[in-house]
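Working notes, beginning with the structure itself.
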Amino acid sequence: MPRAGKVERREIEADPIYNSKLVSRFTNRVMVDGKKTIAQKLVYQALDLIEKSGKNPLTIFETAIANAAPKMEVRPRRVGGASYQIPQEVRGDRREALAIRWIVMAARSRSNKEYHSFGEKLAAELIDAAEGKGIAIKKKEDMLKTAEANRAFAHFRF
């Protein structure tokens, strides 16, 4: 963070096939070592697999992101020598970022025995998240439970 002024957010370009900035952000999160074309191939492979299952890939994708996006999170705050986990609402941009991160992490952690490629894992995780199940949804629910458990410390937020 700079000492003076505010950091300007860069505007990212929409992806070429679906014309969606959300798909573009997702591709950037899947990308490893700057290999964007490989990441795009994997994301498009996952969306093609969703389409082959007879569903609209963009709708499933957006529903999965919306379902995995958390409403509340806990942030640590030091008060009088003790650290408290204080529940706070998550703003829109961070909600999407966390949902994308969790879905990619969940797809990477899936077993290699069931799936042959990362695209298949990604498609399976997106479908699960759109249906309200899967590893990313469990992560969201765990975060919500933690926030509920620490509701007693909500008065410390400012």
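Every number here is computed from the coordinates shown, using simple stated rules; none is lab data. Because the structure is a prediction, the values reported are computed rather than measured. Glycine gets a Cβ as well: all are built from the backbone with ideal geometry, and neighbour counts include every protein chain shown.
Ranking 143, 126, 22 by how far each Cα lies toward the positive end of the dipole of the stretch 21-156 (charges on Cβ) leaves 143 at the top. Comparing mean-square fluctuations of 126, 144, 42 from a GNM of the chain with C-alpha springs under 10 Å, the top value falls on 144. For the chain, the longest principal axis of the alpha carbon atoms and the long axis of helix 135-149 meet at an angle near 10°.
Under 18 Å of direct C-alpha separation, and excluding same-chain neighbours fewer than eight residues apart, residue 52 reaches these lysines: 41, 121. Of all the options 38, 50, 137, the one that moves most in a Gaussian network model of the chain with Cα springs shorter than 10 angstrom is 38. Normalised by the number of residues in the chain, what is the relative contact order in percent for Cα pairs under 8 Å and 6+ residues apart? Here the relative contact order equals 25 percent.
Using 29 Å as the Cα-Cα cut-off, could you pick out the over-long pairs in 113/145; 21/133; 6/139; 21/145; 21/71; 35/71? Intermediate results must be reported in sequence, preceding the final value.
Numbers: 113/145 32 Å; 21/133 25 Å; 6/139 32 Å; 21/145 31 Å; 21/71 21 Å; 35/71 32 Å.
Pairs exceeding 29 Å: 113/145; 6/139; 21/145; 35/71.
Answer rounded, prolate or oblate for the chain, using the Cα gyration tensor with square roots of eigenvalues a ≥ b ≥ c: rounded when a/c is under 1.5, else prolate when a/b is larger than b/c, else oblate. Judged from the Cα gyration tensor, the chain comes out prolate (a/c at least 1.5, a/b above b/c).
Give me 156, 61 ranked fewest to most by other Cβ atoms within 10 Å of their Cβ, as a rough exposure proxy.
Values: 156 15, 61 25.
Starting with the residue having the fewest Cβ neighbours, the order is 156, 61.
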